[in-house]
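No lab work stands behind these numbers, since they all come straight from the coordinates. All figures in this text were calculated on a predicted structure; none of them were measured in a lab. So basically every Cβ, Gly included, is an ideal-geometry build from the backbone, and we count neighbours across all protein chains shown.
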Amino acid sequence: MRSVLRFRMSPADARYGGGLVDGARLLALFGDAATELCIRLDGDEGLLKAYEQIELFAPTRVGDWVEVEAELEKSGATSRTFRFEARRVIAARPDVSASAADVLEPAVVLCRARGTCVVPKDHQRIRRAPR
């Protein structure tokens, strides 16, 4: 079972000079993707317990289109472990013009991580088998 979300990084996402987006923004997007999967599995948003093995590979900038993927790796009685990947699929090209952008094929991997969510048993309303 997996979730794929796509976002455009806006000026509100910029944290540093040059329109650089904080890597923590990608982790927040991973959390959104994990929440979707918990809802699909259990009918509840669950609670993020921990991230591990976080690796940042490339910078993210304002104007970039980022695709975030979460995939269920393991499902226990209350825990759900996910694999995450964020990729830049479209890059802004302010050097060309204010509205120029390039579709990237292949996409550029920005970040990978693993994370665990917990859905307490008394909050599990659906409990579907992972697909």
Residue pairs within 9 Å by beta carbon, gap of at least six or interchain, first lying in segment 88-117 and closer than 18 Å to PHE7 by Cα, second outside any strand (DSSP E or B) and of a type in the set (Val, Ile, Thr), listed first then second, are ALA92/VAL62; ASP102/VAL96
Exactly one of THR116, THR35, THR60 is surrounded by 17 or more Cβ atoms within 10 Å (Cβ to Cβ), touching a helix residue (DSSP H, G or I) at 6+ places or on another chain (Cβ under 8 Å) and on the phi < 0 side of the Ramachandran plot, and that residue is THR60
Those residues of segment 46-80 which are farther than 23 Å from ALA92 by Cβ and either among the aromatic types (Phe, Trp, Tyr) or free of Cβ contacts under 8 Å to residues at least 60 places away in the same chain (or both) amount to TYR51, ILE54, GLU55, GLU73, LYS74, SER75, GLY76, ALA77, THR78, SER79, ARG80
For strands (runs of 3 or more DSSP E) lying entirely in segment 1-100, having 2 or more residues that are within 19 Å of CYS111 (Cα to Cα) and either of a type in the set (Ser, Thr, Tyr) or out of contact with any Lys or Arg (no Cβ under 7 Å at 6 or more places or on another chain) (or both) picks out 2-8, 14-16, 47-56, 79-92
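On the given criteria, is GLY46 touching a His at 6+ places or on another chain (Cβ under 8 Å) and under 15 Å from GLY115 (Cβ atoms)? Explain how you work it out, then say what you get.
On the way: touching a His at 6+ places or on another chain (Cβ under 8 Å): yes; under 15 Å from GLY115 (Cβ atoms): yes.
Judged against the criteria, GLY46 is a match.
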*asked:* Among the residues in segment 64-75, are any farther than 24 Å from ARG6 by Cβ and among the polar types (S, T, N, Q)?
replied: yes
In the set VAL66, VAL62, the lone residue that is farther than 14 Å from ARG114 by Cβ and either under 14 Å from the mean Cα position of the chain (by Cα) or among the polar types (S, T, N, Q) (or both) is VAL66
Of the residues in segment 32-45 that are in contact with a strand residue (DSSP E or B) (Cβ under 7 Å, 6 or more places away or on another chain) and in contact (Cβ under 8 Å) with a residue 40 or more places away in the chain, the one that is farthest from SER10 (Cα to Cα) is LEU41
